[in-house]
Structure formats: structure tokens, C-alpha cells
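This report concerns only the one structure given below.
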């Protein structure tokens, strides 16, 4: 039986510490009195539930929420941190990979999101490598969303034999 007290315990401690520090006016943590910190706390609650209570399905939402909260904190404070949609997709891929590590499910989704995030994050460099094939790459780049829709539709609507 999974321990259902870990998630609310972490949430209450995290929110309590957040609001206590905010009300006490501690200037050392001034930059953390924002909504991304609340995302981070909820994500850590899910991760605690996932790993400490062995409720491995909680790992994916934990990584997504904690990762998004961390992203919003780092994007304007760390110069090398990318502010790009590929970063969000990479965080989701990382969540699927960590969940796959514990449950053995979700590897296909993890690889799919990982490939998509790499393509989005490094599109300029990938396109530069294919400089000679630029016309073909630009045509393919225009139609890749349609290819994703077709593949997704086939996964949803075409039944396996």
C-alpha cells in the first residue's frame, strides 16, 4: 500500500515555509517569492510521493512541475539557460525517462519527446549542417507538423492486428 501522507506533508511544509519567509520579509530569498516557486514545491511533493512512497506514476507530473518551476527561475538568471519551447519538451521527455526507469513504461514517449526537443533546440545548427540541402530541409521543415498529426492520428485511430 502506498503512503498517501507524503505528498500533502511536503506540500504543507513547502507552502508553510514559502509564506513564512514571505511574511517575515527575509530579503535573502526575495527572488523566490514568485509563482514558479510554488510550481517547484508542488513538483517536489509529487517527486517525494513518487520516490519515497513508491508511487511511480507521480514521477512524471513531479518532474514536469518541478522542471517548469526551475526553468522559470533560471531563464532570466542564468545566461546559458535556453528560453525555448524545446526546453519544455525536454523536461517532459526527462520525466518520461525517469518514470520508465521505475515502471518500465513510457520509453516510446520519452524517445519521441527527446528527439522533438533536440530538433527544436538545435534546429539552427542542424539546418547549417545541411546547407547544401537547404531547399529540401526548408520544405521538410514546413510540413513536419502535418507529419506529426498524421502519425498521431494513426496511433489513435488505426487498430493493431
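Since every read-out is calculated from the coordinates, none of them should be taken as a lab result. Because the structure is a prediction, the values reported are computed rather than measured.
Listed values, structure above:
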quantity	calculated
Angle in degrees between helix 85-103 and the longest Cα principal axis of the chain, rounded to the nearest 10	70 degrees
Angle between the chain longest axis and helix 134-157 axis [Cα atoms, degrees, rounded to 10]	70 degrees
C-alpha long axis of helix 35-52 to longest principal axis of the chain, angle in °	90 degrees
For the chain, built as a Gaussian network whose Cα springs stay under 10 Å, the top-fluctuating residue of 124, 83, 55	124
Residue-averaged [θ]222 nm for the chain, counting only DSSP H segments that reach four residues, each worth -39500 (n - 2.57)	-24500 deg cm²/dmol
Calculated over the chain: convex hull of Cα atoms, volume per residue (Å³)	156 Å³
Cα gyration tensor, the range 27-78 - rounded (a/c under 1.5), prolate or oblate	prolate
